[in-house]
Amino acid sequence: MRAQTSITSPMSWGSHIRASVILGIPLVGSHLAQMLTHITDVVMLGWYSVEALAAVILASQVYFVIFLVGSGFAFAITPMCATAIGALDDRQVRRSVRMGSWIVTLYGFIFSLPLWFLKPILIALGQQADLAGIAQEYTRIAIIGLFPGLWIMVLKSYLSALERAQVVLFATLMAAVANIGFNYLLIFGNLGFPELGAKGAAWSSVLTISLSFLFL
């Protein structure tokens, strides 16, 4: 029996570079927009209170590590979806996204525990009790945003496999702008909203992440 072979035209170097740039620029832009969101939080909390800023920096470092590790499970979806899309296997694409969502959700539940009990952890590491208390108040609210944040990473990986990274960029830019507005209202208590300080920054992040998830 003769093995069947298929002949495909290889992409040129120029085509590879062009495809990489078209896909990469929106992803780079979305990462920069995420950095802008963090910078905005730091600046606006610095305007509010040095103590609140110090506590949130402590809390966000722990939160970021947990979020980054969880995002790794979501990133694994990109090659899985890309392979399934190339094979025209829609069922496998859906399965990959679904299983990725379940995995990051389970991960979120497990690692919500150290975020919920952050104060004794920070005190054991030598941090001041008052700062540790504010940091724990922040993370107990931020936990709400951990789940949609991880689901966003799953959808981001899926959209990247579809070469629709522009959607991710638009959602991230929209979130960065919304975060400024929420911070203005909730950290400082402007326009009749309660002045929440560090907790306001946490609620701002939760609202921003939730809006991004609903958009995607």
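Laboratory data are not the source of any read-out in this text; all were calculated from the coordinates shown. Small disclaimer: the values here were computed from a predicted structure and weren't measured. Using ideal geometry, Cβ is built from the backbone for each residue, glycine included, and neighbour counts are taken over all protein chains shown.
The GNM of the chain, with springs linking C-alpha atoms under 10 angstrom apart, assigns the highest mean-square fluctuation among LEU169, LEU58, LEU196 to LEU196. Across region 26-215, the mean sequence separation of Cα contacts (distance under 8 Å, 6 or more residues apart), normalised by length, yields a relative contact order of 31 percent.
What list do you get for TRP203, TRP151 if you sort them by fewest beta carbons within 10 Å?
Working: TRP203 23, TRP151 20.
The most exposed by this proxy come first: TRP151, TRP203.
Loop-located GluC sites (Glu not before Pro) in region 125-216 (DSSP state other than H, G, I, E, B) with a sparse environment of at most 14 neighbouring Cβ atoms within 10 Å: GLU163, GLU195. Among ILE77, ILE143, ILE39, the largest mean-square fluctuation in a Gaussian network model of the chain (Cα springs under 10 Å) belongs to ILE39. Note on the chain: GNM, Cα springs under 10 Å; of PHE111, PHE64, PHE188, the largest mean-square fluctuation is that of PHE64. Start at zero, step by 5 Å, and the Cα-Cα distances of the chain spread as 1, 7, 13, 16, 16, 14, 10, 8, 5, 4, 2, 1, 1, 1, 0, 0 percent across the bins. Relative to the longest principal axis of the chain, what angle (0 to 90°, nearest 10) does the C-alpha long axis of helix 77-86 take? That works out to roughly 20 degrees.
Looking at the chain, identify the longest residue range that excludes and avoids all trypsin sites (Lys or Arg not before Pro) in DSSP loops having at most 15 other Cβ atoms within 10 Å.
3-163
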